[in-house]
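Notes follow the structure.
Values quoted throughout were computed directly from the atomic coordinates according to the rules given, and no laboratory measurement underlies them. It should be emphasised that the depicted structure is a prediction, and the values quoted were computed from it without experimental measurement.
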Amino acid sequence: MLHRGSCHCGAVQFEVELDHQIDVEDCNCSICQMTGFLHVIVPQRQFRLIQGQESLTSYRFNTKVAEHLFCKVCGVKPFYVPRSNPDGVDVNLRCLATRPERVNIVNFDGQNWESVGHLLRDKSA
């Protein structure tokens, strides 16, 4: 099922294909706690940026592998390229206009990334 999403101001808009039932990670790492990001990792082929490439700015920290993308206008992070799946896209469930019928929120211990990060690998396969 195709879902549309955007940042708060609408400058960045995208579509993502998701199943009717999905698991979503609620991560407790420093950046996810501060931004309230709910993770839906998909393969790049299931994601399409409709508009706003020029409105995105990038932020990398720690290992510099994950590319966190924020809207330059409103500051919202609607999606990013995750460290665990650099060939995928991690969409913020909270930025979707419509959501899958069933959403199961799973706690993820991102504060201990080095010992649990492997659990997210290949989610975008």
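For residue 53 and residue 116 in the same chain, what is the full-extension length gain: residue separation times 0.36 nm, less their Cα-Cα distance, in nm? Mind showing how you got there, number by number?
On the way: separation 63, 0.36 × 63 = 22.68 nm, distance 3.17 nm.
This chain segment gains 19.5 nm when fully extended.
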Requested in this report: Apply the Karplus parameterisation 6.51 cos²θ - 1.76 cosθ + 1.60, with θ equal to phi minus 60°, to every residue of the range 103-109 and state each ³J(HN,Hα) to the nearest whole Hz, in sequence, with x for glycine and proline.
Outcome: 10, 10, 8, 10, 6, 10, 8
**Report entry** For residue 27, distant residues with modelled amide H under 5 Å away
**Finding:** 39, 108
Report summary line: Expressed to one decimal in nm², the mean projection of the alpha carbon convex hull of the range 45-125 is 6.4
Query - Rel. contact order, % - alpha carbon contacts under 8 angstrom, at least six apart, the range 23-125 - result: 35
Query raised in the report: How large is ³J(HN,Hα) for each residue in the range 34-39, as worked out from phi by the Karplus curve 6.51 cos²θ - 1.76 cosθ + 1.60 (θ = phi - 60°), to whole Hz, x for Gly and Pro?
Result: 6, 9, x, 5, 10, 7
